[in-house]
Amino acid sequence: MLNSKKIAITGGIASGKSTVLRFFQDLGCYVINADDIVHKLLLFNSIIHEKVIKLLGKDILVNGKISRDSIAKKVFSDKKLLKALEEIIHPLVLKEIEKKITASPEKLVFVEIPLLYEIKQEKFFDYVIAVQANSDLCKQRMQEKGFTKDQYDERKKRQLSPDEKSKRADFIIENNGSLKDLRKSVETIYQNLLAHC
């Protein structure tokens, strides 16, 4: 196992975190996506499956599988339910992230973790990159994915403001331009991080 540097990628909703993660992967970095881990846990972890159904009810099932859309409809309008769900899922997600980092063959490991500051895990990482974008642009991106303005606002309310995330981060990527601009920002940070390996 290498003594990998752990880098978290966080930021506001629809700011471009996943695209940034993909660009780091294109550069040959080892990448981990927290949302992908959640998705797999909900599909394949029987203990999580049972606990989530017990908490939220069987109506979150579609063709026998947990529907993330059904979960979102229930929890984003109910803070207590959301907190209870996070208490079930977050510890296991963090455990999986740690396991994957330990198995990493690369010097740099990038983890996309949207709620990094909200779940107080920033100290686990060597560096934090905050991706931010203009609010109207983020809203537009969400709507292009099929979300309503209300759904965007509900999700935004449960997170720290993008400005606050950027204040706490080691690196900031502004994503208001083209993909070419974004890739250039990623490459600059990559070179900077390599120099500190």
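The values are calculated or read from the model by the stated rules, or taken from the named source; none is laboratory data. Not measured: the values here are computed from a predicted model. No Cβ is skipped: glycine too gets one built from the backbone with ideal geometry, and neighbour counts run over all protein chains shown.
Of all residues assigned to the range 38-61, at least one qualifies as being within 13 Å of the chain's Cα centre (by Cα), in a helix (DSSP H, G or I) and without any contact (Cβ under 8 Å) to a residue 60 or more places away in the chain.
Could you tell me how many of the residues in the range 26-70 are polar (S, T, N, Q), surrounded by 13 or more Cβ atoms within 10 Å (Cβ to Cβ) and either modelled with pLDDT of 95 or more or out of contact with any helix residue (DSSP H, G or I) (no Cβ under 8 Å at 6 or more places or on another chain) (or both)?
Residues meeting the conditions: 1.
Say we look at the range 89-111 and pick out the residues that are of a type in the set (Val, Ile, Thr) and in a helix (DSSP H, G or I); which of these is farthest from LEU27 (Cα to Cα)?
Out of the qualifying residues, it is ILE89.
In summary, ALA14 fulfils each of the numbered conditions (1) under 21 Å from GLU164 (Cα atoms); (2) more than 10 Å from the chain's Cα centre (by Cα); (3) at pLDDT 95 or above with the single exception of condition (3).
Filter the range 119-171 down to the residues that are among the hydroxyl-bearing types (Ser, Thr, Tyr) and closer than 20 Å to SER77 by Cβ, then identify the one that is surrounded by the fewest Cβ atoms within 10 Å (Cβ to Cβ). Of everything passing the filter in the range 119-171, THR148 is surrounded by the fewest Cβ atoms within 10 Å (Cβ to Cβ).
Between GLN159, GLN132, the distinction of being within 16 Å of the chain's Cα centre (by Cα) and at pLDDT below 95 belongs to GLN159 only.
For PRO114, state whether it is in contact with a helix residue (DSSP H, G or I) (Cβ under 8 Å, 6 or more places away or on another chain), in a loop (DSSP other than H, G, I, E, B), closer than 30 Å to GLN191 by Cβ and not hydroxyl-bearing (Ser, Thr, Tyr). Yes: the conditions hold for PRO114. If you go through the range 99-134 and keep only what is free of Cβ contacts under 8 Å to residues at least 40 places away in the same chain, on the phi < 0 side of the Ramachandran plot and not aliphatic (A, V, I, L, M), you end up with LYS99, LYS123.
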